[in-house]
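Asker: Here it is: the structure, laid out below.
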Amino acid sequence: MKIKNIADQSLQNQSISRDDALFLMRINGDEVYDLFYWANQIRLKYFGHHVKACSIVSAKQGRCTEDCSFCSQSSRYHTGIEEFPLIDTNRILDIAKCAEQTGANSIGIVTSGYSISKSADLDKICRAIKAVVTGSCIHPHGSFGILTKEMALSLVKCGLKRLNHNLETSERFFPNICSTHTFRDRVNTICVAKEVGLEICSGAIFGIGEAVEDRIDLAFTLKNLDVDVVPLNFLHPVSGTPLESSIPLPPMEALKIISVFRFILPDKEIKIAGGREKNLRDLQSWMFYAGANSTMIGNYLTTTGRKIEDDLEMIKDLHLELQTS
């Protein structure tokens, strides 16, 4: 009964309390299925049977100066990933067109590093965004690290509509996973991007040693920042990183996280992204019943995703409608 009472608040787009969110996150046993049921009802209320899919392109990879403990692209770790500078505009456009043909409604252009360190790289990124805008019907989004207002304005002028900049975890836990920049640095970039009119895609990675309270605190931070899209990633441990020996979350725990985020953020797009294959395993289709209304298809930055046709078949089998506009 308590789950339903909390769900009623979310169904009316009212804020639930932190204590209620913690209660939901700590549910175990058969009540987990009630949690999923109500998360799905909330999803249906705000999004119906429509779901979205996006893809990303790793436009610049490796040699990052930062020390994020989960990331294979840090120059501080020996992970054996392929490293390359910013790829050319035509290559990005080709990847965007391929993503569009598979049903993705957006393509995320992602560059490694603390920020866009060279003005020449910013110019090249802007040319690529313009090429995607004029040469395809897919929406170009971007993830470029810490941004100044001037950088953000340049990106807006060339046609960027949405910036991805994940907070990753709570402010309390953040120093445990990164020492080279702060949680506040990330929040400031989100504020700068919002100030110039960009939509915000910002979320988290789970299974990195965080407590239940950290998950809840992050969700409320994202709610207070009024972000537009919340990508939820789950750790896929990479050899050579400090978290290489971490054990992936149990599928039901990952699904609970999705559901509780839906309760806290009832009308926001919740996107399931990296690590779903490793963490959800055979329960990947449950992510929608647990409250998600969006997912990433194709490969991730440095790890392999599921076959796109398998994801599209999954969406069709669930009688969900892929929204491509």
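The values are calculated or read from the model by the stated rules, or taken from the named source; none is laboratory data. Everything numeric here is computed off the predicted structure, so don't read it as measured data. All Cβ positions, glycine included, derive from the backbone under ideal geometry; neighbour counts span all protein chains shown.
Asker: Could you list all residues from segment 82-111 that are more than 19 Å from Phe144 (Cα to Cα) and aliphatic (A, V, I, L, M)?
Answerer: Within segment 82-111, Ala99, Ala104 meet the criteria.
Asker: Residues of segment 97-127 being under 24 Å from Thr295 (Cα atoms) and over 16 Å from the mean Cα position of the chain (by Cα), which ones? Reasoning before the result, please.
Answerer: Of the residues in segment 97-127, the ones under 24 Å from Thr295 (Cα atoms) are 97-112.
Result: Lys97, Cys98, Ala99, Glu100, Gln101, Thr102, Gly103.
Asker: If you go through segment 40-63 one residue at a time, do you hit one that is assigned to a helix (DSSP H, G or I), more than 18 Å from Ser136 (Cα to Cα) and touching a Phe, Trp or Tyr at 6+ places or on another chain (Cβ under 7 Å)?
Answerer: Within segment 40-63, one or more residues are assigned to a helix (DSSP H, G or I), more than 18 Å from Ser136 (Cα to Cα) and touching a Phe, Trp or Tyr at 6+ places or on another chain (Cβ under 7 Å).
Asker: Of the numbered conditions (1) farther than 29 Å from Leu44 by Cβ; (2) of a type outside the set (A, V, I, L, M, F, W, C); (3) in contact (Cβ under 8 Å) with a residue 40 or more places away in the chain; (4) outside any helix (DSSP H, G or I), Thr189 fails exactly one; give the number of that condition.
Answerer: (4)
Asker: What number goes with the only condition from (1) part of a strand (DSSP E or B); (2) surrounded by fewer than 16 Cβ atoms within 10 Å (Cβ to Cβ); (3) basic (Lys, Arg) that Lys4 does not pass?
Answerer: (1)
Asker: Ala120 passes all but one of (1) modelled with pLDDT of 95 or more; (2) not in a loop (DSSP other than H, G, I, E, B); which number fails?
Answerer: Of (1) modelled with pLDDT of 95 or more; (2) not in a loop (DSSP other than H, G, I, E, B), only one is false for Ala120: (1).
Asker: Looking at Phe288, Phe234, Phe263, which is the one that is in contact (Cβ under 8 Å) with a residue 40 or more places away in the chain and more than 17 Å from the chain's Cα centre (by Cα)?
Answerer: Phe263
Asker: Something else about it: For the list (1) out of contact with any strand residue (DSSP E or B) (no Cβ under 6 Å at 6 or more places or on another chain); (2) within 26 Å of Ser117 (Cβ to Cβ), I need the number of the one condition that Ser58 fails.
Answerer: Unmet condition: (1).
Asker: A further question on this structure: Filter segment 96-115 down to residues that are at pLDDT 95 or above and over 16 Å from Lys161 (Cβ atoms) and give me whichever is surrounded by the most Cβ atoms within 10 Å (Cβ to Cβ).
Answerer: Per the stated criteria, the residue is Ser112.
Asker: Counting only residues that are outside any helix (DSSP H, G or I), farther than 19 Å from Asp228 by Cβ and of a type outside the set (Ser, Thr, Tyr), how many does segment 123-144 have?
Answerer: So in segment 123-144, the residues outside any helix (DSSP H, G or I) come out as 136-144.
Subsequent filtering for residues that are farther than 19 Å from Asp228 by Cβ retains 136-137.
Checking which are of a type outside the set (Ser, Thr, Tyr) leaves us with 137.
Qualifying residue count for the region: 1.
Asker: Would you confirm whether or not segment 26-42 contains a residue that is out of contact with any helix residue (DSSP H, G or I) (no Cβ under 9 Å at 6 or more places or on another chain), closer than 28 Å to His319 by Cα, acidic (Asp, Glu) and at pLDDT 95 or above?
Answerer: yes
Asker: Within segment 64-92, take every residue that is more than 26 Å from Ser136 (Cα to Cα) and of a type in the set (Phe, Trp, Tyr) and give me the one that is nearest to the chain's Cα centre (by Cα). Let's see the steps before the verdict.
Answerer: Taking segment 64-92 and keeping what is more than 26 Å from Ser136 (Cα to Cα), we get 64-83.
Narrowing further to those that are of a type in the set (Phe, Trp, Tyr): 70, 77.
Details: Phe70: 15, Tyr77: 23 Å.
My answer is Phe70.
Asker: Within segment 64-111, track down each residue that is of a type in the set (Asp, Glu) and either touching a Lys or Arg at 6+ places or on another chain (Cβ under 7 Å) or not in a loop (DSSP other than H, G, I, E, B) (or both). Working first, answer last.
Answerer: Taking segment 64-111 and keeping what is of a type in the set (Asp, Glu), we get 66-67, 82-83, 88, 94, 100.
Of everything in segment 64-111, those that are of a type in the set (Asp, Glu) and either touching a Lys or Arg at 6+ places or on another chain (Cβ under 7 Å) or not in a loop (DSSP other than H, G, I, E, B) (or both) turn out to be Asp67, Glu83, Asp94, Glu100.
Asker: Now for a separate question. State the number of residues belonging to segment 154-173 that are farther than 16 Å from Ile116 by Cβ and under 17 Å from the mean Cα position of the chain (by Cα). Steps first, please.
Answerer: Applying the first criterion (farther than 16 Å from Ile116 by Cβ) to segment 154-173 yields 159, 161-162, 166-173.
When the remaining residues are screened for being under 17 Å from the mean Cα position of the chain (by Cα), the result is 161-162, 166-170.
Number of matching residues: 7.
Asker: Sticking with this structure for a sec: Considering only residues that are more than 14 Å from Gly62 (Cβ to Cβ) and either acidic (Asp, Glu) or touching a residue at least 60 places away in the same chain (Cβ under 8 Å) (or both), which ones fall in segment 109-131?
Answerer: Asp121, Asp123, Ile125, Ala128
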